[in-house]
1. Here's a check for you: in region 164-198, which residue that is of a type in the set (Val, Ile, Thr) and surrounded by fewer than 17 Cβ atoms within 10 Å (Cβ to Cβ) is nearest to ligand 2 (Cβ to nearest atom)?
2. Is it the case that LYS82 is within 12 Å of ligand 1 (Cβ to nearest atom) and over 16 Å from the mean Cα position of the chain (by Cα)?
3. Mind listing whichever residues of region 93-134 are assigned to a strand (DSSP E or B), touching a Lys or Arg at 6+ places or on another chain (Cβ under 9 Å) and aromatic (Phe, Trp, Tyr)?
4. Inside region 20-51, can you point out the residues that are of a type outside the set (Lys, Arg) and within 16 Å of ligand 1 (Cβ to nearest atom)?
5. Can you name every residue in region 148-162 that is within 13 Å of ligand 1 (Cβ to nearest atom) and either in a loop (DSSP other than H, G, I, E, B) or in contact (Cβ under 8 Å) with a residue 60 or more places away in the chain (or both)?
6. Given the criteria without any contact (Cβ under 8 Å) to a residue 60 or more places away in the chain, β-branched (Val, Ile, Thr), touching a Gly at 6+ places or on another chain (Cβ under 7 Å) and over 18 Å from PHE44 (Cα atoms), does VAL179 qualify?
7. Residues to consider are LEU74, LEU53; find the one that is within 16 Å of ligand 2 (Cβ to nearest atom) and either closer than 22 Å to ARG133 by Cα or at pLDDT below 95 (or both).
8. So GLY260 ticks every box in (1) out of contact with any strand residue (DSSP E or B) (no Cβ under 7 Å at 6 or more places or on another chain); (2) in contact (Cβ under 8 Å) with a residue 24 or more places away in the chain; (3) away from ligand 2 (no atom under 16 Å from the Cβ) but one. Which box is left unticked?
Amino acid sequence: MHLTDVTLRDGLQFEKLTLTTEQKFALFEKIAACGFERIEVTSFVHPKWVPQLADAEALSTRVFASPLAKSCELMAFVPNEKGLDRLVKFNFAWASAFVAVSNSFNEKNVNSTREASLDGLGRTAQRCQREGRKLRIYISTVFGCPYEGLISADDVEKVAKVVASFQPDEIALGDTIGVATPAQVREVLGRLAKFWPVHKTALHLHNTYGMALAGADVGYGLGVRAYDGALGGTGGCPYAKGASGNLAIEELNYLAHRQGWRKKFPTTELKQALTALKATGIEPRSQLAAILAKGGDWFGENKSG
Ligand code: HMG
Ligand code: MG
């Protein structure tokens, strides 16, 4: 199973507090210690649009100067080709780019129509191939949109077919506002599996209505092995009203460990990372973070010897 920590990008992009580069780097060190397979470090967005991530270059410089840069795969988000120009100055193995199924959300988020974003993604994919970078394409608002409401699986399939034609290394299905039911996850994964390999599919779930773990479980049953989460359930999307946090990575890891999908639950490292998050002034919001802080230690082991 493959976990991507998106705290430093999706987690921080919507927080009221803007952390300093040093605070972000300190968090990076704690997250890297947890042993996740990939970390999304930052976003090369316009600083006026997402001021919380205005230090993308400074943070990337700091991260790549650290030996921890080699401890897992590193990814950064690019909202457009200008963002990719900025990313390629660093040694990121992965770029992540975006299109939404909902045209309204696409326009609010990156100030371009869905069709224009798809055209740009085609060029981004070619450029990533030339530059030797792997590309994840997020398809957002797959299950629901703050402006257009329920999204149909037909529409998802249409957009996903175009995205798949660019042959990215991974497609991440984004439940941008955290409304997916397990049945929707099943339906959409079934549609995607008709033309896209499940081993190149990731689930990027938000947990606004508390259903993200249920969706992750359905995904696992259908063969998905790549999942995203953010420490303490931080995050949301600045352009998606009501979108609360990402699926908490500690809860995702806990589910994975208890279900036998993942050997390790890095208790000490996760607690330290959650403590580091809290020290920045951002309160971890997950139920498990609260339990761990109180000394909760139920990991399913038989204690009778
Ligand atoms: P725009 O204002 O339309 O940009 O913003 P433009 O192309 O009109 O250019 C205007 C100026 O911005 C120009 O500068 C450009 O060079 C500059 P000027 O000539 O005026 O001096 N510019 C840039 N500067 C720095 N970095 C760039 C860049 N691009 C243009 N990349 C833009 C378009 C995409 C930049 C803007 O809308 C933006 O930054 N949006 C960010 C949106 C965002 O980060 N949203 C959150 C991420 S998506 C998400 O969270 C969902 C996800 O988690 C999955 C899920 O949950 O579903 C991934
Ligand atoms: Mg997101």
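1. Initial filter on region 164-198 (of a type in the set (Val, Ile, Thr)): 171, 176-177, 179, 181, 185, 188, 198.
Next, only the ones that are surrounded by fewer than 17 Cβ atoms within 10 Å (Cβ to Cβ) stay: 181, 198.
Details: THR181: 18, VAL198: 21 Å.
Looking at residues that are of a type in the set (Val, Ile, Thr) and surrounded by fewer than 17 Cβ atoms within 10 Å (Cβ to Cβ), I get THR181.
2. Details: within 12 Å of ligand 1 (Cβ to nearest atom): yes; over 16 Å from the mean Cα position of the chain (by Cα): yes.
Judged against the criteria, LYS82 is a match.
3. Here is the first cut: in region 93-134, the ones assigned to a strand (DSSP E or B) are 94-100, 134.
Now restrict to residues that are touching a Lys or Arg at 6+ places or on another chain (Cβ under 9 Å): 94-97, 99-100.
If the condition is that a residue be assigned to a strand (DSSP E or B), touching a Lys or Arg at 6+ places or on another chain (Cβ under 9 Å) and aromatic (Phe, Trp, Tyr), then TRP94 is the only one that fits.
4. ILE39, GLU40, VAL41, THR42, SER43, PHE44, VAL45, HIS46, PRO47, TRP49, VAL50, PRO51
5. Residues satisfying the conditions are ILE151, VAL159.
6. It is true that VAL179 is without any contact (Cβ under 8 Å) to a residue 60 or more places away in the chain, β-branched (Val, Ile, Thr), touching a Gly at 6+ places or on another chain (Cβ under 7 Å) and over 18 Å from PHE44 (Cα atoms).
7. Numbers: LEU74 fails: within 16 Å of ligand 2 (Cβ to nearest atom).
Testing whether each residue is within 16 Å of ligand 2 (Cβ to nearest atom) and either closer than 22 Å to ARG133 by Cα or at pLDDT below 95 (or both) leaves just LEU53.
8. With respect to (1) out of contact with any strand residue (DSSP E or B) (no Cβ under 7 Å at 6 or more places or on another chain); (2) in contact (Cβ under 8 Å) with a residue 24 or more places away in the chain; (3) away from ligand 2 (no atom under 16 Å from the Cβ), GLY260 is out only on (2).
The values are calculated or read from the model by the stated rules, or taken from the named source; none is laboratory data. Every value quoted in this text rests on a predicted model; they were computed, and no experiment measured them. Please note: Cβ atoms are built from the backbone with ideal geometry, for glycine as well, and neighbour counts cover all protein chains shown.
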